[in-house]
Amino acid sequence: YRQALAPLEEKGVLVMPERAHNAHMFYLACRSLDERSALIEYLKGQGIASVFHYLSLHKSQYFADKHDGRVLPHADRFTDCLLRLPMFAELGAAGAERVATAVLDFYSTR
């Protein structure tokens, strides 16, 4: 994913950085909530399941009344923009290529 989707960074889409990790997920940070929603729907139409990932703790039902009220713009941005791409053992290289191609196709007109 990282290599195939790197060109999206020129469009302002954050592609999961190359760092040591346990490879349990791969994410993009879209430019807006509307864009992420549109990408999820587009991928769904291609038979590809993708999901949002992150809910700001300070806005969760449990923690909202415990939060001190500070504005947390980065947490809120990732709540709205983070998208997890499919990642599972059976996906394989061909499946990952199919997903990456669909994501690139979505962004080709944006």
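The values are calculated or read from the model by the stated rules, or taken from the named source; none is laboratory data. Nothing here was measured: the structure is a model prediction, and the numbers come from that model. Glycine gets a Cβ as well: all are built from the backbone with ideal geometry, and neighbour counts include every protein chain shown. Please note that ligands, DNA and RNA were not included when accessible areas were found on the heavy atoms of the full protein model with its side chains. Shrake-Rupley method; radii C 1.70, N 1.55, O 1.52, S 1.80 Å.
Look at the dipole of the range 1-47 built from charges on Cβ: of PRO17, TYR42, CYS30, the Cα furthest out on the positive end belongs to PRO17.
Across the range 45-110, Cα-Cα pairs more than 17 Å apart make up 57 percent of the total. Listed values (i) 12, 31, 30, 18, 7, 2, 0; (ii) 13, 44, 29, 12, 2; (iii) 16, 55, 28, 1 include one computed from this model; for P(r) over Cα pairs in 10 Å bins from 0, in percent that value carries the label (ii). Carbon-plus-sulfur accessible fraction, the range 49-110 (probe radius 1.4 Å, protein heavy atoms only): 60%.
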